[in-house]
1. Counting just the residues of region 64-83 that are assigned to a loop (DSSP other than H, G, I, E, B) and either touching a residue at least 60 places away in the same chain (Cβ under 8 Å) or open to solvent by 30 Å² or more (accessible area, probe 1.4 Å) (or both), which one comes out farthest from Leu34 (Cα to Cα)?
2. Those residues that are open to solvent by 60 Å² or more (accessible area, probe 1.4 Å) and either modelled with pLDDT under 95 or among the β-branched types (Val, Ile, Thr) (or both), I need them from region 31-40; list them, please.
3. Does Gly44 count as open to solvent by less than 100 Å² (accessible area, probe 1.4 Å) and either part of a loop (DSSP other than H, G, I, E, B) or at pLDDT 85 or above (or both)?
Amino acid sequence: MKTIKYAVAAIALSTLSFGAFAAQAVSSAQAQNLNKIGVVSAEGASTLDGLEAKLAAKAEAAGASAYSITSANTNNKVSGTAVIYK
């Protein structure tokens, strides 16, 4: 029984800690209180959700805590850019 409790606790804590480091989408109003650290772009997504996921992953890889999508194109495949913030 203790093993199950420890396993559940470990899963819960790992889920919470992963979410704490993920870059979050912010509005332009929220971004005014953050420091801009760059721009990321992504292409080849098949949906807007896929584009947002790619931009979020690139923002996180760049060390950003937040991002704001600034453009999106749908010429055959979805592409776009986002400003990243810390």
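1. Of the residues in region 64-83, the ones assigned to a loop (DSSP other than H, G, I, E, B) are 64-65, 74-77.
When the remaining residues are screened for being either touching a residue at least 60 places away in the same chain (Cβ under 8 Å) or open to solvent by 30 Å² or more (accessible area, probe 1.4 Å) (or both), the result is 65, 74-77.
Numbers: Ser65: 9, Thr74: 29, Asn75: 32, Asn76: 34, Lys77: 31 Å.
Checking each candidate, the answer is Asn76.
2. The initial filter retains those residues of region 31-40 that are open to solvent by 60 Å² or more (accessible area, probe 1.4 Å), namely 32-33, 35-37, 39.
Within region 31-40, Gln32, Asn33, Ile37, Val39 qualify.
3. Values: open to solvent by less than 100 Å² (accessible area, probe 1.4 Å): yes; either part of a loop (DSSP other than H, G, I, E, B) or at pLDDT 85 or above (or both): yes.
Yes, satisfied.
The values are calculated or read from the model by the stated rules, or taken from the named source; none is laboratory data. For clarity, every value in this text was computed on a predicted model and none was experimentally measured. So basically every Cβ, Gly included, is an ideal-geometry build from the backbone, and we count neighbours across all protein chains shown. Surface areas here come from the heavy atoms of the whole protein model, side chains and all, with no ligands, DNA or RNA. Shrake-Rupley method; radii C 1.70, N 1.55, O 1.52, S 1.80 Å.
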